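These notes concern the structure reproduced below.
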Amino acid sequence: MDKIKRQLTSSSKATRQDRIGKLVAFLCTFLIGLLVVSIFYMVASRGLATFFKDHVSLWDFLSHQNWNPSQVGKDGTPEVGALPMIVGSFSVTVLSAILATPFAVSMALFMTEIAPKRGQKVLQPVIELLVGIPSVVYGFVGLTIVVPVVRALGGGTGFGILSGTLVLFVMVLPTITSMYVDSLRSVPGFYREAALALGATRWQSIYKVILRASVPGLLTAIIFGMARAFGEALAVQMVIGNASLLPHDLISPASTLTSVLTTGIGNTVMGTLPNNALWSLALILLLMSLAFNLLVRVIGSKGRLTK
Amino acid sequence: MANIITTRNVRLYYGDHEALHGIDLDFPKNQITALIGPSGSGKSTFLRCLNRMNDLVSGVTITGSLKLDGKDIYSPQTDVVALRKKVGMVFQQPNPFPFSVFDNVAFGLRLAGIKDHKLIQERVETSLKQAAVWEEVKDNLTDNALSFSGGQQQRICIARVLAVQPEIILMDEPTSALDPVSAGKIEELLLDIQDKFTVAIVTHNMQQASRISDRTAFFLDGKLVETGSTKQLFMAPKQEATSDYLNGKFG
């Protein structure tokens, strides 16, 4: 009697396995969540110290043009104007995305609509290879080829936003292309069939139906590309010239948030203002990538509604 | 009675495999012709020959004569785009574009280069009325067509075809993905528009064929077994295979 009772009330093997599985999954998720939260905490606590501990005003930080954190300016506040870097980062990001998008759209259309077989065989591996090349290689190629060409054509030193844009263009092109290819592939084939049956030419069915149906996917791809461009440090640092000046044209040395961070972080002492100011730049970077992510989600959910 | 489409000895090959074995079938103007037969009997394949949708499938060759208004559909001089404007098609799965209802129905008109917004508006309204879906969508013309029910979507697709004012409409099992009420609405609208359009409809539903069609063609294994007026074919089939199929002995 007791034995039967025990058998009936104790949990089965399957239930125990189920519990263990749940526990492991929960722990892993919790760990990752904790990691994200602690990164945010770390960056925010240091980055905000510039404003709370060192009493730099947020507005000055965002709008002043002089970046020289170890010096005190004429008005008695430290020179931590991040505007040149913010402008630099946004310029290279937006310009490279604008430059890359038409190429990415044509390549993706070629791979999915015009020559699916050849596209699959030739372009797919090329794009995957481009994604896998380390950024220092891109930077090196930029330094030895792009910078001299820009110097020869545009004058100046060759370092600057234009060189940064050109290098980033090659780096974000495969990102945008491969994501847009996925989104074009997910456009149902019967849209094409329906368009053709209504008397559309092949080109009309591509640009009036398939392109239009895949606009949310294209926007998502572009934003992912921009997120990559915005966060890219090494390659950009090698070709942009690293001068913390507000850029007045595309061919004079400039800097981005990431390039200032990589050059500066090793030369400052933890807990001092110059170090904290760099953390503030990192905070801006982090918030921007968060913004990019949110944007992707908003577009994604809108895209689902229209599907 | 004039035949709008005449076909003689149509054979279709997938590579070396012959899928249609010499079909002779005519479609009289302003009548509904039903194509019935078990799955894989070639009725959909035959239907898709009529607007050259089989061109999209690689490895397909078609021989024989297919004529629309006396002109060869497969002649090298045929403008496929113009042909498909004359021969509209409604598919098995409702397939509206992910645009607004208005843009869906106006799609073919805009393709045809019609810029006059008023004319487009009129045509969209007439087509939606003909497709018996106007009352349900008239207040939501800017809503995404995919936000409507399956039956409504299919009628929007029919309106999209009607707007181009084709001469003949091919329907490939247009109601098989729909519930009986929605299917009934589509049958009614077919009866309403048949004085203006010629319809060729593939259906698995023999009651549907007997309710709406004027003529019926029975396909089996890539052959046209029997064709005749719907009444004659259902009441007094000449071939044993037809009678067996109608009585549910196979298929």
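The values are calculated or read from the model by the stated rules, or taken from the named source; none is laboratory data. Remember, predicted model here, so these are calculated numbers, not experimental data. All Cβ positions, even for glycine, are placed from backbone atoms using ideal geometry, and neighbour counts span all protein chains on display.
Some points to look at:
- Filter pass, B:Thr45 being among the β-branched types (Val, Ile, Thr), more than 18 Å from the chain's Cα centre (by Cα) and over 16 Å from B:Ile4 (Cα atoms): no
- Qualifying residue in segment B:22-31 (condition: modelled with pLDDT of 90 or more, within 19 Å of the chain's Cα centre (by Cα) and either surrounded by fewer than 15 Cβ atoms within 10 Å (Cβ to Cβ) or among the small types (Gly, Ala, Ser) (or both)): yes
- Considering the conditions (1) of a type in the set (D, E, K, R); (2) surrounded by 12 or more Cβ atoms within 10 Å (Cβ to Cβ); (3) under 21 Å from A:Asp182 (Cβ atoms), A:Lys53 is excluded by exactly one of them, (3).
- Lone qualifier among B:Gly248, B:Gly228 - being surrounded by fewer than 19 Cβ atoms within 10 Å (Cβ to Cβ), in a strand (DSSP E or B) and out of contact with any strand residue (DSSP E or B) (no Cβ under 6 Å at 6 or more places or on another chain): B:Gly228
- Segment A:110-125, residues that are part of a helix (DSSP H, G or I), free of Cβ contacts under 8 Å to residues at least 12 places away in the same chain and hydrophobic (A, V, I, L, M, F, W, C): A:Ile114, A:Val122
- Residues of segment A:188-224 classified as within 23 Å of B:Leu50 (Cα to Cα), buried (at least 23 other Cβ atoms within 10 Å of the Cβ) and more than 10 Å from chain B (Cβ to nearest Cβ), total: 0
- Members of segment B:187-225 found to be part of a helix (DSSP H, G or I) and either free of Cβ contacts under 8 Å to residues at least 24 places away in the same chain or under 18 Å from B:Pro166 (Cα atoms) (or both), listed by number: B:Leu189, B:Leu190, B:Leu191, B:Asp192, B:Ile193, B:Gln207
Each row is one residue, and each column tells you yes or no for (1) within 25 Å of the chain's Cα centre (by Cα); (2) under 24 Å from A:Leu283 (Cα atoms); (3) surrounded by fewer than 19 Cβ atoms within 10 Å (Cβ to Cβ).
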| position | (1), (2), (3) |
| --- | --- |
| A:Pro84 | yes, yes, no |
| A:Val94 | yes, yes, yes |
| A:Met107 | yes, no, no |
| A:Thr157 | no, no, yes |
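- Of the helices (runs of 4 or more DSSP H) entirely within segment B:33-116, none holds at least 3 residues that are within 11 Å of another protein chain (Cβ to nearest Cβ) and among the β-branched types (Val, Ile, Thr).
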